[in-house]
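Visitor: Supplied in structure tokens, the structure appears directly below.
The values are calculated or read from the model by the stated rules, or taken from the named source; none is laboratory data. Keep in mind that this is a model prediction, so the values were computed, not measured. We place every Cβ from the backbone using ideal geometry, glycine too, and count neighbours over all the protein chains shown. For the accessible areas, the whole protein counts, side chains as well, though only heavy atoms, and no ligand, DNA or RNA atoms are used. Shrake-Rupley method; radii C 1.70, N 1.55, O 1.52, S 1.80 Å.
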Amino acid sequence: PGAKVLDLFAGSGGMGIEALSRGAESAVFVERDREAVRIIKSNLEATRLTQRARVMAEDCQTAVSALCEPFDFIFMDAAKGQYLNFLPWIMEVLTCGGVLVTDNILHEGDILESRYGVTRRDRTIHGRMREYLQALKDMPELDTICLPLGDGLTISTKMC
């Protein structure tokens, strides 16, 4: 309750809408796909949560450069391999005690396969995801757990 939420690569907006319905103060939805933006807006209207929401219909890189407000909860579900690009910015806007949830961090349930047993594209994705997970692990200001269910997710709390 009272949290400021950021839903990056928002899709249908389900995470941010759920947070608003549970008492979050506000939510920002970032999504560049026009059809998805239409769905987010429709879902916000249907749930009568439009007043506490802001929808940014642009790519995430542009949106994050425009956002400088603090967030208590950030949900990120980007295309594989993009997470590391946003981590420095997220660390600036994530509040002390704030939570970062990163979805879809495993590739087909795994990132530990032999680099020789997967295609070149998959080796690249595996490498990027390992780099991201290593960055989370190496950040002393983050306390992170990895849940290897399905395509996995991480939950990180910013310690101050």
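Visitor: Need one value: the accessible area of PHE75 in square angstrom, 1.4 angstrom probe, rounded to the nearest 10.
Guide: Spelled out: PHE75, probe radius 1.4 Å, area about 20 Å².
Visitor: Which value, to two decimals, describes the C-alpha radius of gyration of the chain once divided by 2.2 N^0.38 Å?
Guide: 1.06
Visitor: Let me ask you something else. Using a simple charge model, +1 on the beta-carbon of Lys and Arg, -1 on the beta-carbon of Asp and Glu, nothing else, what dipole does the chain show about its Cα centre, in debye to the nearest 20?
Guide: 200 debye
Visitor: Ignoring ligands, DNA and RNA, what percent of the accessible area of the chain is carbon or sulfur (1.4 Å)?
Guide: Numbers: 4490 of 8730 Å².
Of the solvent-accessible surface of the chain, carbon and sulfur hold 51 percent.
Visitor: I would also like to ask the following. Let me check I've understood the local charge: for GLU69, count other residues with C-beta under 12 angstrom from its C-beta, Lys and Arg +1, Asp and Glu -1. What total comes out?
Guide: Once positives and negatives cancel, what remains is -1.
Visitor: List the aspartates and glutamates whose alpha-carbon lies under 13 Å from that of LYS41, not counting same-chain residues fewer than 8 positions away?
Guide: GLU31, ASP33
Visitor: Testing the spin-label approximation: label points 7 Å from Cα along Cα→Cβ at MET159 and ALA135. State their distance in nm.
Guide: For the pair MET159/ALA135, the computed spacing is 2.1 nm.
Visitor: Now for a different question. Using a 1.4 Å probe, how large is the accessible area of GLU31, given in Å² and rounded to the nearest 10?
Guide: Number for this one is 30 Å².
Visitor: Using a 1.4 angstrom probe and counting only protein chains, how large is the accessible area of VAL37 in Å², to 10?
Guide: So the heavy atoms of VAL37 present about 10 Å² to solvent.
Visitor: Sticking with this structure for a sec: Any idea what the relative contact order of the stretch 1-75 is, in percent, if you count C-alpha pairs under 8 Å spaced at least 6 apart? Walk me through the intermediate numbers first.
Guide: On the way: 139 pairs, mean separation 29.0, N = 75.
About 39 percent, as a whole number.
Visitor: For the chain, can you list the cysteines whose C-beta has no other cysteine C-beta under 4.7 Å from it?
Guide: Taking the Cβ cut-off of 4.7 Å, the unpaired cysteines of the chain are CYS60, CYS68, CYS146.
Visitor: For the stretch 63-102, what is the accessible area per residue in Å² when the probe is 1.4 Å?
Guide: About 38 Å² of surface per residue is accessible.
Visitor: Any chance you could list the semi-axes, whole Å, largest first, of the equivalent ellipsoid that the Cα gyration tensor gives for the stretch 29-93, using √(5λ)? All intermediate terms of the calculation are to be shown ahead of the outcome.
Guide: Values: eigenvalues 98, 42, 20 Å².
For the stretch 29-93, the ellipsoid semi-axes come out as 22, 15, 10 Å.
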